[in-house]
Amino acid sequence: METMKLISHIGSDGILLLQMPTEFKDTSVEVLVVLQHLPSEEVKPKYNAWGQLTTKKSIQAAIAKMLQLRQEIALDKSSIRSMIEEGRRF
């Protein structure tokens, strides 16, 4: 006998789907179902390090800004070589 705890969702059609591990395929089993209502999950707002509300729009804006900064501060290979040479002089 093996005990498993699964969390699942009963659809609007009243059907509960349970997906079992493959080790139980092609075999007969006895199943005991105990239903317990779960509290509704409240979506708590998330804030960034500066205390500002994090939204999909704010995340997309931050990514866009990072990509823009990446292009602005990008160094070409010749600049990197000259910086290395400059560093070797010290």
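Descriptive notes on the structure:
- Residue check, residue 30 at pLDDT below 80, out of contact with any strand residue (DSSP E or B) (no Cβ under 6 Å at 6 or more places or on another chain), outside any helix (DSSP H, G or I) and exposed (fewer than 10 other Cβ atoms within 10 Å of the Cβ): no
- Of all residues making up the range 37-67, the number that are assigned to a loop (DSSP other than H, G, I, E, B), basic (Lys, Arg) and at pLDDT 85 or above: 1
- Put simply, of 83, 20 the only residue that is surrounded by 10 or more Cβ atoms within 10 Å (Cβ to Cβ) and assigned to a loop (DSSP other than H, G, I, E, B) is 20.
- Failed item, numbered, when residue 70 is tested on (1) outside any loop (DSSP other than H, G, I, E, B); (2) surrounded by 10 or more Cβ atoms within 10 Å (Cβ to Cβ); (3) not hydroxyl-bearing (Ser, Thr, Tyr): (2)
- Residues of the range 1-36 satisfying the condition of being of a type outside the set (Val, Ile, Thr) and closer than 30 Å to residue 54 by Cα: 8, 9
- For the range 1-59, the set of residues classified as on the phi > 0 side of the Ramachandran plot and among the charged types (D, E, K, R) consists of 26 only.
The values are calculated or read from the model by the stated rules, or taken from the named source; none is laboratory data. The shown structure was predicted, so the numbers you read here are calculated from the model rather than taken from an experiment. Counting neighbours? That spans all protein chains shown, and the Cβs are built from the backbone with ideal geometry, glycine included.
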